[in-house]
Amino acid sequence: MPGIVIVGAQWGDEGKGKLVDLMAEQADGVIRYQGGNNAGHTIVHGETVYKFHLIPSGILYSGKPCMIGNGVVIDPVVLIGELDGLKARGIDLGGLKISANAHLIMPYHLMLDTAGEQRLGKLHIGTTRRGIGPAYMDKAARLGIRVQDLLDEKILKKKIAAALAPKKAQLRAWEKDPALDLQSMTEEYLAYGNRIEQYITDTAKLVHTHLTKGDTIIFEGAQGAMLDIDHGTYPFVTSSNPIAGAACVGAGVGPTAIDEVWGVAKAYATRVGQGPFPTELDDEFGEALRQAGGEFGTTTGRPRRTGWMDLVALRYASRINGFTNLVITKLDVLTGQGDLQVCTGYRTDSGAELDDWPYHQSVVHHLNPVYTTLPGWDDDLTKVRSKEQLPQAARDYLDFIGEQVGVKVSLVGVGPARDQIIEL
Ligand code: IMP
């Protein structure tokens, strides 16, 4: 019963959506296990470009179970917008299933996210301002409102009422009279409940039923290991656990259900928002990489910070996720960039050499990368479809990554289209 987790190995935006889309074709179902509409996937099918924030990438395969797990936080406005967009393009939504236990992003979560960032001033995290952190805070505080609450007016109203008073008090410092009205919010959310009722179910049970039959299920992660709330660059992280272990909690299966963990990394590195990024190229070359790779956020449109491949961070990601396979995306972007630097160690300000990710934030903030230089290539890779067609320098680059991380590179992306992926 193969359970395959697909997880971001860097700071998010590695191109997981494309891989999930590709693997979903052969699989029997896909379930997303954490995050919310802070994520964004771009999928290219033929001439059509699809952008999703919440719905798992597998939705394009008519009728295939495509689940939003209990670990996801759902903004119903965004979800319904995506459903309408897909319907308008003639996509069959029959396979969509939404966990009754998933938590909802409420209007006050969006306000609190923005207010929190403003309060932090120079120390802000650079969140996507989609209400993710405040929604997970309410979940942990047991003040959250769940998808199933949308189906019962009395419960919904009671829960919104319980949440509203403390939220208004919290927000008062930023807005004298925050527009949060119990009656209209209840009516609005009941209407959302009506729209999505047909998709609500016990997704954990559904996943279990499939796995028991021997079906293949893809567990789709959002963001990346270095944004993990426990293992990432805290506090400059998201408010959930993107790592593979969270697939069990966020989908409702035991660890024995997971057979493979595929880590997805770009051939270089990017990060959006604030926080440490040891191999950052805050210069003209970094700008050239941003332009070549189209490194602008799918969700917020923000320019992504760019840098060299960081193999210390990638080794760390492999350790905390247990990668069985590695996927390197956007290799084509490195064409014509001259010699390539890959970070194989760090030097601290006091001169200590490190070959593993340090646990202490003060050390992390002052890491100086130690680079190994590898020859680049000038050949256009976008039409390459086999390992043999890759220039030797590109093959050496991939081999070096695989050796350093200790996990074989199974797939390589050379462009955004579905067929621009090479099996090694
Ligand atoms: P939040 O998840 O909106 O709270 O944002 C926290 C941090 O995670 C910020 O630095 C965001 O830019 C980053 N982040 C959240 N989602 C993504 C993503 O899907 N890709 C890349 N960065 C993300």
From the set of residues in segment 157-191 that are modelled with pLDDT of 95 or more and among the acidic types (Asp, Glu), which is nearest to the chain's Cα centre (by Cα)?
Glu188
Hand me the list of strands (runs of 3 or more DSSP E) wholly inside segment 235-330 holding 1 or more residues that are of a type in the set (Gly, Ala, Ser) and within 16 Å of the ligand (Cβ to nearest atom).
260-266, 269-271, 305-307
Identify all residues within segment 117-135 that are surrounded by fewer than 16 Cβ atoms within 10 Å (Cβ to Cβ) and on the phi < 0 side of the Ramachandran plot; write none if there are none.
Gln118, Arg119, Leu120, Lys122, Leu123, His124
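Name the residues in segment 1-34 that are aliphatic (A, V, I, L, M) and more than 16 Å from the ligand (Cβ to nearest atom), would you?
The first filter runs over segment 1-34 and keeps only residues aliphatic (A, V, I, L, M), leaving 1, 4-7, 9, 19-20, 22-24, 27, 30-31.
Correct list: Met1, Ile4, Val5, Leu22, Met23, Ala24, Ala27, Val30, Ile31.
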Based on this model, can you work out whether Phe277 counts as of a type outside the set (Ser, Thr, Tyr), buried (at least 21 other Cβ atoms within 10 Å of the Cβ) and on the phi < 0 side of the Ramachandran plot?
yes
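Criterion first (of a type in the set (Ser, Thr, Tyr) and under 17 Å from the mean Cα position of the chain (by Cα)) does Thr256 satisfy it?
Working: of a type in the set (Ser, Thr, Tyr): yes; under 17 Å from the mean Cα position of the chain (by Cα): no.
Answer is no for this residue.
Among strands (runs of 3 or more DSSP E) lying entirely in segment 18-86, which contain 3 or more residues that are within 19 Å of the chain's Cα centre (by Cα) and surrounded by 24 or more Cβ atoms within 10 Å (Cβ to Cβ)?
Values: elements: 29-32, 41-45, 48-52, 66-68.
Fully inside segment 18-86 and qualifying: 29-32, 66-68.
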Any pair with Cβ under 7 angstrom, 6 or more apart, that starts in segment 297-316 at a residue that is under 11 Å from Thr128 (Cβ atoms) and ends at one that is among the charged types (D, E, K, R):
Gly297/Arg304; Thr298/Lys51
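Taking the condition within 18 Å of Thr238 (Cβ to Cβ) and within 16 Å of the ligand (Cβ to nearest atom), does Asn37 pass?
Details: within 18 Å of Thr238 (Cβ to Cβ): yes; within 16 Å of the ligand (Cβ to nearest atom): yes.
The answer is yes for Asn37.
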Of all residues in segment 201-220, how many are touching a Pro at 6+ places or on another chain (Cβ under 9 Å) and assigned to a loop (DSSP other than H, G, I, E, B)?
3
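Checking the condition under 27 Å from the mean Cα position of the chain (by Cα), assigned to a helix (DSSP H, G or I) and β-branched (Val, Ile, Thr), which residue from Val412, Val363, Val407 passes?
Exactly one residue qualifies, and that residue is Val363.
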Just a yes or no: is a residue in segment 366-373 surrounded by fewer than 20 Cβ atoms within 10 Å (Cβ to Cβ) and not in a strand (DSSP E or B)?
yes
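Given the residues Thr298, Thr270, which is the only one that is assigned by TED's automatic domain parsing to the domain that holds Ser386, surrounded by 15 or more Cβ atoms within 10 Å (Cβ to Cβ) and either modelled with pLDDT under 95 or out of contact with any Ser or Thr (no Cβ under 6 Å at 6 or more places or on another chain) (or both)?
Within the list Thr298, Thr270, the selection yields Thr298.
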Among residues belonging to segment 348-367 that are out of contact with any strand residue (DSSP E or B) (no Cβ under 8 Å at 6 or more places or on another chain) and of a type in the set (Ser, Thr, Tyr), point out the one that is nearest to Pro276 (Cα to Cα).
Ser362
Are any residues in segment 130-184 within 16 Å of the ligand (Cβ to nearest atom) and of a type outside the set (Gly, Ala, Ser), and if so, which ones?
Arg130, Ile132, Pro134, Tyr136, Met137, Asp138, Lys139
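For segment 321-357, what are the residues that are within 20 Å of Tyr234 (Cβ to Cβ), in contact with a Gly (Cβ under 8 Å, 6 or more places away or on another chain) and either without any contact (Cβ under 8 Å) to a residue 12 or more places away in the chain or surrounded by fewer than 19 Cβ atoms within 10 Å (Cβ to Cβ) (or both)? Write out each step before concluding.
Looking only at segment 321-357, we keep the residues that are within 20 Å of Tyr234 (Cβ to Cβ), and these are 321, 346, 348, 354, 356-357.
Among the residues that remain, those that are also in contact with a Gly (Cβ under 8 Å, 6 or more places away or on another chain) are: 321, 354.
Residue satisfying the conditions is Leu354 alone.
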Report, by residue number, each residue of segment 347-360 that is under 26 Å from the mean Cα position of the chain (by Cα) and closer than 17 Å to Glu280 by Cα.
Trp357
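Just checking, which of Gln223, Gln198 is touching a Pro at 6+ places or on another chain (Cβ under 7 Å) and either within 24 Å of Val253 (Cα to Cα) or not basic (Lys, Arg) (or both)?
Of Gln223, Gln198, the one residue that is touching a Pro at 6+ places or on another chain (Cβ under 7 Å) and either within 24 Å of Val253 (Cα to Cα) or not basic (Lys, Arg) (or both) is Gln223.
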What are the residue pairs meeting all of these: first residue in segment 190-207, first residue within 16 Å of Val30 (Cβ to Cβ), second residue among the hydroxyl-bearing types (Ser, Thr, Tyr), Cβ atoms under 8 Å, and 6 or more apart or on different chains?
Thr201/Ser99; Thr203/Ser99; Ala204/Ser99
May I ask you to verify whether Gly144 is closer than 21 Å to Arg302 by Cα and either small (Gly, Ala, Ser) or touching a Pro at 6+ places or on another chain (Cβ under 6 Å) (or both)?
no
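The values are calculated or read from the model by the stated rules, or taken from the named source; none is laboratory data. Bear in mind that the values here come from a model prediction, so they are computed numbers and not experimental data. Every residue, glycine among them, receives a Cβ derived from its backbone with ideal geometry; neighbour counts consider all protein chains shown.
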